[in-house]
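Student: Structure incoming, see below.
The values are calculated or read from the model by the stated rules, or taken from the named source; none is laboratory data. Remember, predicted model here, so these are calculated numbers, not experimental data. Glycine gets a Cβ as well: all are built from the backbone with ideal geometry, and neighbour counts include every protein chain shown. Just the protein is used for accessible areas: all its heavy atoms, side chains included, with ligands, DNA and RNA removed. Shrake-Rupley method; radii C 1.70, N 1.55, O 1.52, S 1.80 Å.
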Amino acid sequence: ESGFWKNNNIFFAALLQPEKTCRHLLRLVLEGKYQALMGEALFHEYEDILDRQELFVRCPLSSYEREELFNALLTCCEWVTIYYRWCPNLRDEADNHLIELAVAGQANIIITRNIRDLTSGELVFDDVRIMRPEVFLEEYASWEPSHWLPDQIHQGITLLAAERKVSI
């Protein structure tokens, strides 16, 4: 499946929540098995959230490690410039750029936990499926949860950082 795109809530869920789905999905992107897209508005959302230290009190990674992981993610993303604003008129206008990014990047799938808001637009793009991470993994990526345990996230990040010659 080409043109994979994921919302920032997947990245932050991988950092903050002990459930394995988002962490596995992030790992697949970092391993180059799926393509993630990045645009200017989404990039600024990530940076804004990463700057809010109070959100990461329970995160097992330090601020520096979170920044390094984000930088590693950026090396895996295809940068997409949006030249045409579709204005799908989503319930949350701030989410319009997510649909526009997917369309401009020719993504086939948007993976998000925000299904309701991203499907509330007046414009419908039949070529773009919007699905939850669990559904994506069931349909496209066979995985065994026991292979990606929460206590192994630091080891995985360390390995990926070493492969990409990024220090953490």
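Student: If we scan the range 59-79, do we find a residue that is open to solvent by less than 60 Å² (accessible area, probe 1.4 Å), among the β-branched types (Val, Ile, Thr), within 19 Å of the chain's Cα centre (by Cα) and within 16 Å of Gln35 (Cα to Cα)?
Tutor: Among the residues of the range 59-79, not one is open to solvent by less than 60 Å² (accessible area, probe 1.4 Å), among the β-branched types (Val, Ile, Thr), within 19 Å of the chain's Cα centre (by Cα) and within 16 Å of Gln35 (Cα to Cα), which makes the answer no.
Student: Report, by residue number, each residue of the range 13-23 that is in a helix (DSSP H, G or I) and surrounded by 20 or more Cβ atoms within 10 Å (Cβ to Cβ).
Tutor: Residues satisfying the conditions are Ala14, Leu15, Thr21, Cys22, Arg23.
Student: Confirm whether Pro150 is modelled with pLDDT under 65 and open to solvent by less than 50 Å² (accessible area, probe 1.4 Å). So that I can check it myself, show each step before the final result.
Tutor: Values: modelled with pLDDT under 65: yes; open to solvent by less than 50 Å² (accessible area, probe 1.4 Å): yes.
It is true that Pro150 is modelled with pLDDT under 65 and open to solvent by less than 50 Å² (accessible area, probe 1.4 Å).
Student: Is it true that some residue in the range 66-88 is more than 24 Å from Leu159 (Cα to Cα) and touching a Phe, Trp or Tyr at 6+ places or on another chain (Cβ under 6 Å)?
Tutor: Kept after step one, since they are more than 24 Å from Leu159 (Cα to Cα), are these residues of the range 66-88: 79-88.
With touching a Phe, Trp or Tyr at 6+ places or on another chain (Cβ under 6 Å) added as a condition, the list becomes none.
No, because not a single residue in the range 66-88 is more than 24 Å from Leu159 (Cα to Cα) and touching a Phe, Trp or Tyr at 6+ places or on another chain (Cβ under 6 Å).
Student: Answer yes or no as to whether Phe70 is under 19 Å from Asp95 (Cβ atoms) and modelled with pLDDT of 90 or more. It would help to see each step written out before you state the result.
Tutor: Numbers: under 19 Å from Asp95 (Cβ atoms): no; modelled with pLDDT of 90 or more: yes.
No, not satisfied.
Student: Among the numbered conditions (1) open to solvent by 50 Å² or more (accessible area, probe 1.4 Å); (2) over 23 Å from Gly156 (Cα atoms); (3) of a type in the set (Ser, Thr, Tyr), tell me where Ser120 comes up short.
Tutor: (1)
Student: Consider Glu138 carefully, then state whether it is assigned to a helix (DSSP H, G or I) and surrounded by 15 or more Cβ atoms within 10 Å (Cβ to Cβ).
Tutor: Numbers: assigned to a helix (DSSP H, G or I): yes; surrounded by 15 or more Cβ atoms within 10 Å (Cβ to Cβ): no.
No; evaluated as a whole, the condition is false for this residue.
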